[in-house]
Amino acid sequence: NAGVTQTPKFRILKIGQSMTLQCTQDMNHNYMYWYRQDPGMGLKLIYYSVGAGITDKGEVPNGYNVSRSTTEDFPLRLELAAPSQTSVYFCASSYSGGMEPRNTQYFGPGTRLTVL
Amino acid sequence: KQEVTQIPAALSVPEGENLVLNCSFTDSAIYNLQWFRQDPGKGLTSLLLIQSSQREQTSGRLNASLDKSSGRSTLYIAASQPGDSATYLCAVLRMYSGGGADGLTFGKGTHLIIQP
């Protein structure tokens, strides 16, 4: 299993540009997450999904959008990139048979984004 | 709002020492607590997950404890090695009052250096 994969690894954007960060997992996990990590800080939740077709906002959703059309993929869209969105973005997934995601979250390697 | 604090922020010890990393959280209504390792420029690797009903978990030289009522967890590393050098992150899964949960709330981490 590849686990959680993210593309691209690195990207530089100009202010106002848009892009999509890709995330795919091959573990048949129902829960998927997007976090961002700023230097010297812990990770903060952007969006999450409890299954295909269901997404919800996390702590810092402004400036981002997500969709979940399949179990495997959970892309994160940045519209009108701003310098404040310079960060490292991590995708994660976990499995739960109930309504609470009690099991281990597995993380991808991250996408390092710089907005200039 | 759940807040997670990790002490110390940085720690440097000689190889072979036993050490303790501390994590505290403000809201005891949690499903579980996870300890992660993060190497520079890399993603997160899950080390241990403790469910709210458990007191501790062990994996090799690592032992994590959880005292939910006091909002504290410790990660004990025995016989430290230079390969243990990394940033260690603590994260909790908060329980909503109506059931369910979103993503993890992270501390800022402890940067650990093991001197050869």
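Just so you know, all these numbers are worked out from the coordinates, no wet-lab data involved. Given the structure is predicted, the values throughout are model-derived calculations rather than measurements. Neighbour counts run over all protein chains shown; Cβ positions are idealised from the backbone, glycine included.
Some notes on this structure:
- For residue B:67: the one exception among (1) of a type outside the set (Lys, Arg); (2) touching a residue at least 24 places away in the same chain (Cβ under 8 Å); (3) more than 25 Å from residue A:92 (Cα to Cα): (2)
- Qualifying position, being surrounded by 15 or more Cβ atoms within 10 Å (Cβ to Cβ) and closer than 16 Å to residue B:22 by Cβ, among B:49, B:112: B:112
- Conditions (1) without any contact (Cβ under 8 Å) to a residue 40 or more places away in the chain; (2) away from chain A (no Cβ under 14 Å): number failed by residue B:81: (1)
- Looking only at region B:44-67, and only at residues there that are away from chain A (no Cβ under 14 Å) and of a type in the set (Ser, Thr, Tyr), the one that is nearest to the chain's Cα centre (by Cα): B:65
- Taking each residue of region A:64-75 that is free of Cβ contacts under 8 Å to residues at least 24 places away in the same chain and looking for partners that are of a type in the set (Gly, Ala, Ser) and crowded, with 16+ Cβ neighbours inside 10 Å with beta-carbon atoms closer than 8 Å, six or more apart or interchain, yields A:69/A:52; A:70/A:52.
- Test result for residue B:53, within 24 Å of residue A:110 (Cβ to Cβ) and free of Cβ contacts under 8 Å to residues at least 60 places away in the same chain: no
- Highlighted here are the strands (runs of 3 or more DSSP E) found entirely within region A:8-116 that include at least 3 residues which are surrounded by fewer than 18 Cβ atoms within 10 Å (Cβ to Cβ): A:10-13, A:19-25, A:54-57.
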